[in-house]
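Accompanying notes for the structure given below.
The values are calculated or read from the model by the stated rules, or taken from the named source; none is laboratory data. Here the structure is a predicted model, which means the values were calculated and not measured. Note: ideal-geometry Cβ built from the backbone for every residue, glycine included; neighbour counts use all protein chains shown. Each accessible area value is taken on the protein alone, full model and side chains, heavy atoms only, with ligands, DNA and RNA left out. Shrake-Rupley method; radii C 1.70, N 1.55, O 1.52, S 1.80 Å.
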Amino acid sequence: MVYIGTSGFSYDDWVGPYYPAELPRRAWLEYYAREFNTVEINSTYYAIPGARTVDALARRVPAGFLFAVKLPRELTHERTADGADVFRRFRAALEPIVAAGKLGALLAQFPNSFRPGPKAWDYVARLRDLSADLPLVVEFRHVGWVRPETFERLRRLGVGFCCVDEPQLPGLLPPVAEATGPVGYVRFHGRNKAKWWKHEHAYERYDYTYPIEELEEWVPKIRYIAGLTERTFVFANNHFQAQAIQTARQLRMLLEEPTLPR
């Protein structure tokens, strides 16, 4: 099954473009969940939430709705010595979602500086051990990871590979379609070349509106990934001014269309 949603849902600049002005913030997730069946939680990268906060998230969405949750930066960017303790606290915070059967995947997004090598692979294997029975997906940010060895080793570990659509700049990943675990994963970051590396505010990187032709390129790729996995998550991360909402809607429409014979 393919789950389509956005990377995050709690953005002030979505008021107007998506959320009605009179809608209170506490009702944003319910409003979002009336249209989409999944969301990616990115705030966990910055801070581990309290269990009460996570419990509130689980209660505000219907049965069948799934969360993908990003690992804290201490585990992916800083890779601190107390990683096991950080993961333990992170896992405990997620318990309400796990117990409700609403956790779809954990996402480990590594920085561009995380390059393939023995130490890096040892670290990925360590995260796999820490995550235990929870589905884990890794997103690499350097093109050096795009090689057959990577996909083979991830399959042996049972770790999913995150496919990305992003600007085709030196060192970044090409738009490959691969599935290496029970969970398929695709993130649409936008193709804003001008602001990817040079920006004043982080959101500028994701200020991009996809033309339908660029999304059509991914339809056969997503169907291919879905055919190899138990679940496939597709998230639009071009969140500035709610452009991700339109991207997710268009992808859903395209994927619902039947495949025409050649």
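Based on what the data block shows, is GLU22 among the charged types (D, E, K, R) and closer than 23 Å to ARG231 by Cα? Give the steps one after another, and end with the answer.
Values: among the charged types (D, E, K, R): yes; closer than 23 Å to ARG231 by Cα: no.
Here the answer is no, as GLU22 does not meet what is asked.
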request  = Scan the range 223-257 residue by residue and report those that are buried (at least 21 other Cβ atoms within 10 Å of the Cβ) and more than 16 Å from THR6 (Cα to Cα).
outcome  = ILE225
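Can you tell me how many residues within the range 141-155 are more than 16 Å from VAL183 (Cβ to Cβ) and open to solvent by less than 10 Å² (accessible area, probe 1.4 Å)? Spell out the reasoning first.
Narrowing the range 141-155 to residues more than 16 Å from VAL183 (Cβ to Cβ): 141-150, 152-153.
Imposing the further condition that a residue be open to solvent by less than 10 Å² (accessible area, probe 1.4 Å) reduces the set to 145, 150.
Qualifying residue count for the region: 2.
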message = I'm trying to understand the selection: among the residues of the range 27-50, which are assigned to a loop (DSSP other than H, G, I, E, B) and open to solvent by 10 Å² or more (accessible area, probe 1.4 Å)?
response = ARG34, GLU35, ASN37, ASN42, TYR46, ALA47, ILE48, PRO49, GLY50
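Here are GLU40, GLU22, GLU74: which of them is free of Cβ contacts under 8 Å to residues at least 24 places away in the same chain, within 30 Å of ASP122 (Cα to Cα) and of a type in the set (D, E, K, R)?
On the way: GLU40 fails: free of Cβ contacts under 8 Å to residues at least 24 places away in the same chain; GLU22 fails: within 30 Å of ASP122 (Cα to Cα).
Answer to the selection: GLU74.
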query = Could we say that VAL61 is part of a loop (DSSP other than H, G, I, E, B) and in contact with a helix residue (DSSP H, G or I) (Cβ under 7 Å, 6 or more places away or on another chain) here?
reply = yes
query = So which pairs qualify, if the first residue must be in the range 81-103 and closer than 18 Å to LEU127 by Cα and in contact (Cβ under 8 Å) with a residue 12 or more places away in the chain, the second must be of a type in the set (Phe, Trp, Tyr) and crowded, with 20+ Cβ neighbours inside 10 Å, the Cβ gap must be under 9 Å, and the two must be at least 6 apart or on different chains?
reply = LEU94/PHE67; LEU103/PHE67
ask   = Does LEU215 satisfy the criteria of being open to solvent by less than 20 Å² (accessible area, probe 1.4 Å) and either not acidic (Asp, Glu) or not in a helix (DSSP H, G or I) (or both)?
value = yes
request  = Identify all residues within the range 174-186 that are crowded, with 22+ Cβ neighbours inside 10 Å and either free of Cβ contacts under 8 Å to residues at least 40 places away in the same chain or of a type in the set (D, E, K, R) (or both); write none if there are none.
outcome  = THR180
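Pick from LEU134, LEU169: which is open to solvent by less than 60 Å² (accessible area, probe 1.4 Å), assigned to a loop (DSSP other than H, G, I, E, B) and within 19 Å of ARG115 (Cα to Cα)? Walk me through how you get there before you give the answer.
Numbers: LEU134 fails: within 19 Å of ARG115 (Cα to Cα).
So the residue among LEU134, LEU169 that is open to solvent by less than 60 Å² (accessible area, probe 1.4 Å), assigned to a loop (DSSP other than H, G, I, E, B) and within 19 Å of ARG115 (Cα to Cα) is LEU169.
For the range 64-77, how many residues meet the condition of being open to solvent by less than 10 Å² (accessible area, probe 1.4 Å) and outside any helix (DSSP H, G or I)?
Going through the range 64-77, the residues open to solvent by less than 10 Å² (accessible area, probe 1.4 Å) turn out to be 65-69, 71-72, 75-76.
Pick out the ones that are also outside any helix (DSSP H, G or I) and you get 65-69, 71-72.
So the answer is 7.
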